[in-house]
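The values are calculated or read from the model by the stated rules, or taken from the named source; none is laboratory data. All figures in this text were calculated on a predicted structure; none of them were measured in a lab. Here the Cβ positions follow ideal geometry from the backbone for every residue, glycine too, while neighbour counts run over all protein chains shown.
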Amino acid sequence: MGHERPKPPRGSEPQVVLADLLRVAGTRRLENTVRFAGGSLELWIGWPVMTLTAEQWTQRFAKRLGTAPPTDSERDALLGLAGVAAHASERTAAPISSWLTARAGVAPSEALRAANELAEELERET
């Protein structure tokens, strides 16, 4: 089935070799060995290593979509909206709430206001 991660030897502390991790980061996948005092442990992460900041990703993704990236205040409101949604419900509510904001054509600041109102309403119900 999937790739099983071996357990480290008992009593040994991992010694990640930073130079190895930095070298591998250039491959966009982190597949390397973590060295232990009594042996080694294979480290495998299937997700690509992050190579862009959130701002860089947003700018490039916006360009790919043919639109402008959010302003600082729009970004702050969207992050606030995601936080309110995730804390008032489940984590998955955050991206869906952002999608609903875009679909409704509502400004991020207005969506954040509405999310805060809903969260306060839910708090009063409990």
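If I filter the stretch 41-52 for residues that are surrounded by 11 or more Cβ atoms within 10 Å (Cβ to Cβ) and at pLDDT 75 or above, do I get at least one hit? Yes, because at least one residue in the stretch 41-52 is surrounded by 11 or more Cβ atoms within 10 Å (Cβ to Cβ) and at pLDDT 75 or above.
Residue-wise test of (1) modelled with pLDDT under 95; (2) in a helix (DSSP H, G or I).
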| position | (1), (2) |
| --- | --- |
| ALA62 | no, yes |
| PRO69 | no, no |
| SER73 | no, yes |
| GLY80 | no, yes |
| LEU118 | no, yes |
| GLU123 | yes, yes |
